[in-house]
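Presented below is the structure to which this report refers.
The values are calculated or read from the model by the stated rules, or taken from the named source; none is laboratory data. Predicted, not measured: the structure shown is a model, and the values here were computed from it. Don't worry about glycine lacking a Cβ; one is built from the backbone with ideal geometry, like all the others, and counts go over all protein chains shown.
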Amino acid sequence: MKTRFILINTSHAGNVGGAARAMKVMGFDELVLVAPRWPNVLRREETIQRASGALNVLENARIVETLDEALDGVTYLCATAMTPRDFGPPTYSPREHLPTLPGKTDSVAFLFGSERFGMSNDDVYRCHAALTIPTNPSFGSLNLAAAIQVIAYEWRTALGGFAAPPVEAQELADAQSVAGMLAHWEQALVDIGFLDPAAPKKLMPRLNSLFNRAQLTPEEIHILRGVAKAMRQAAAGVKR
């Protein structure tokens with residue numbers, strides 16, 4: 001779905017770079033700045049540094065003078081506001097509202113106000129919904145780029161999200177290797193006086209169960225055998 005992030009009267013160049021990074025991480029690339037403090041903000045060093053490689057978002061970003069220009073071609077508008085406005089649009093959390101949008105509209109814009117003052121009432125009134133990020137009631141102020149990251153994540157999730165990278169399956173040690181390691185440990189535990197071979201009780205079966213639950217790899221078997229070897233050497237008074 002066509003998605004646009006609109007920053008109104010942004011005053012800190014670093015937040016523009018941070019916004020670009022937050023957007024790219026979530027697969028969005030349309031950024032529009034409305035009357036930012038710095039006319040050359042897209043080329044400022046701090047912006048580029050904070051973008052951390054999201055340069056294509058900065059290169060494709062547009063700077064316009066009015067919100068009307070920024071909204072051209074977008075059908076559904078979401079304001080971001082910490083507090084509801086009288087006579088304003090209904091207020092929702094992103095997780096509550098964003099999943100309802102796919103299929104309802106073909107384009108959406110997320111509007112963010114200035115760092116110091118947020119969005120003006122008039123700008124909020126133009127929107128179909130106001131999004132507020134649930135935060136600590138005693139400390140609810142979010143950095144602009146951080147707020148954009150949260151909204152971008154929730155919107156990407158509402159659109160279906162990205163698949164988590166596959167976890168490479170580890171090779172597990174075979175039963176013979178585990179049994180050999182346990183035999184080595186049994187010898188070591190006897191040598192250091194921890195296991196009484198005349199009254200072993202259930203120590204070794206319990207260790208067997210513990211190591212089975214751990215799903216040891218061949219490398220871990222090697223480490224545990226090294227520990228057992230060191231214990232036997234210490235018990236015999238031999239320096240490693």
Inset, instruction - With the checklist (1) modelled with pLDDT under 95; (2) under 30 Å from P99 (Cα atoms); (3) crowded, with 17+ Cβ neighbours inside 10 Å in hand, flag the one item L195 doesn't pass. - result: (2)
Inset, instruction - Test E168 against the criterion of being in a loop (DSSP other than H, G, I, E, B) and charged (D, E, K, R), and give yes or no. - result: yes
Legend entry - Filter pass, R85 being closer than 21 Å to L7 by Cβ, in contact with a helix residue (DSSP H, G or I) (Cβ under 6 Å, 6 or more places away or on another chain), in contact (Cβ under 8 Å) with a residue 24 or more places away in the chain and in the same structural domain as G14 (by TED's automatic domain parsing): yes
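Given the condition under 30 Å from N136 (Cβ atoms), assigned by TED's automatic domain parsing to the domain that holds N143 and in a strand (DSSP E or B), answer yes or no: does some residue in segment 21-33 qualify? Walk me through it before giving the result.
Kept after step one, since they are under 30 Å from N136 (Cβ atoms), are these residues of segment 21-33: 21-28, 31, 33.
From what is left, the residues that are assigned by TED's automatic domain parsing to the domain that holds N143 are 21-28, 31, 33.
When the remaining residues are screened for being in a strand (DSSP E or B), the result is 31, 33.
Looking through segment 21-33, at least one residue is under 30 Å from N136 (Cβ atoms), assigned by TED's automatic domain parsing to the domain that holds N143 and in a strand (DSSP E or B).
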Inset, instruction - Could you check, for segment 133-156, whether at least one of its residues is at pLDDT 95 or above, buried (at least 18 other Cβ atoms within 10 Å of the Cβ) and either in contact with a Lys or Arg (Cβ under 6 Å, 6 or more places away or on another chain) or assigned to a loop (DSSP other than H, G, I, E, B) (or both)? - result: yes
Legend entry - Members of segment 94-118 found to be touching a strand residue (DSSP E or B) at 6+ places or on another chain (Cβ under 7 Å) and under 26 Å from L159 (Cα atoms), listed by number: P94, H97, L101, T105, D106, S107, V108, A109, F110, L111, F112, G113
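Do we find a residue being within 20 Å of R156 (Cβ to Cβ), in contact (Cβ under 8 Å) with a residue 40 or more places away in the chain and β-branched (V, I, T) anywhere in segment 61-75? Explain how you work it out, then say what you get.
Going through segment 61-75, the residues within 20 Å of R156 (Cβ to Cβ) turn out to be 61, 74-75.
Next, from what is left, pick out any that are in contact (Cβ under 8 Å) with a residue 40 or more places away in the chain: 61, 74.
Narrowing further to those that are β-branched (V, I, T): 74.
Yes: segment 61-75 contains one or more residues that are within 20 Å of R156 (Cβ to Cβ), in contact (Cβ under 8 Å) with a residue 40 or more places away in the chain and β-branched (V, I, T).
Which one of these is farther than 19 Å from T10 by Cα, within 25 Å of the chain's Cα centre (by Cα) and acidic (D, E): E115, E96? Let's see the steps before the verdict.
Numbers: E115 fails: farther than 19 Å from T10 by Cα.
Only one candidate passes the filter, namely E96.
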Inset, instruction - Filter segment 107-132 down to residues that are surrounded by 18 or more Cβ atoms within 10 Å (Cβ to Cβ), touching a residue at least 60 places away in the same chain (Cβ under 8 Å) and in a strand (DSSP E or B), then give me how many there are. - result: 6
Inset, instruction - State yes or no: is K24 of a type in the set (K, R) and either touching a residue at least 60 places away in the same chain (Cβ under 8 Å) or surrounded by fewer than 17 Cβ atoms within 10 Å (Cβ to Cβ) (or both)? - result: no
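Suppose the filter is under 18 Å from A228 (Cα atoms), of a type in the set (D, E) and touching a residue at least 24 places away in the same chain (Cβ under 8 Å); does D191 pass it? Break it down into steps so the answer makes sense when it comes.
Numbers: under 18 Å from A228 (Cα atoms): yes; of a type in the set (D, E): yes; touching a residue at least 24 places away in the same chain (Cβ under 8 Å): yes.
Here the answer is yes, as D191 does meet what is asked.
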Inset, instruction - Could you tell me which residue of segment 70-92 is nearest to the chain's Cα centre (by Cα), considering only residues that are under 15 Å from F112 (Cα atoms) and surrounded by fewer than 15 Cβ atoms within 10 Å (Cβ to Cβ)? - result: T83
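Yes or no, residue by residue, for (1) touching a Lys or Arg at 6+ places or on another chain (Cβ under 8 Å); (2) more than 15 Å from L182 (Cβ to Cβ); (3) surrounded by fewer than 12 Cβ atoms within 10 Å (Cβ to Cβ); (4) in contact (Cβ under 8 Å) with a residue 24 or more places away in the chain:
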site	(1), (2), (3), (4)
K201	no, yes, yes, no
H222	no, no, no, no
R225	no, no, no, yes
A230	yes, yes, no, no
A235	no, yes, no, yes
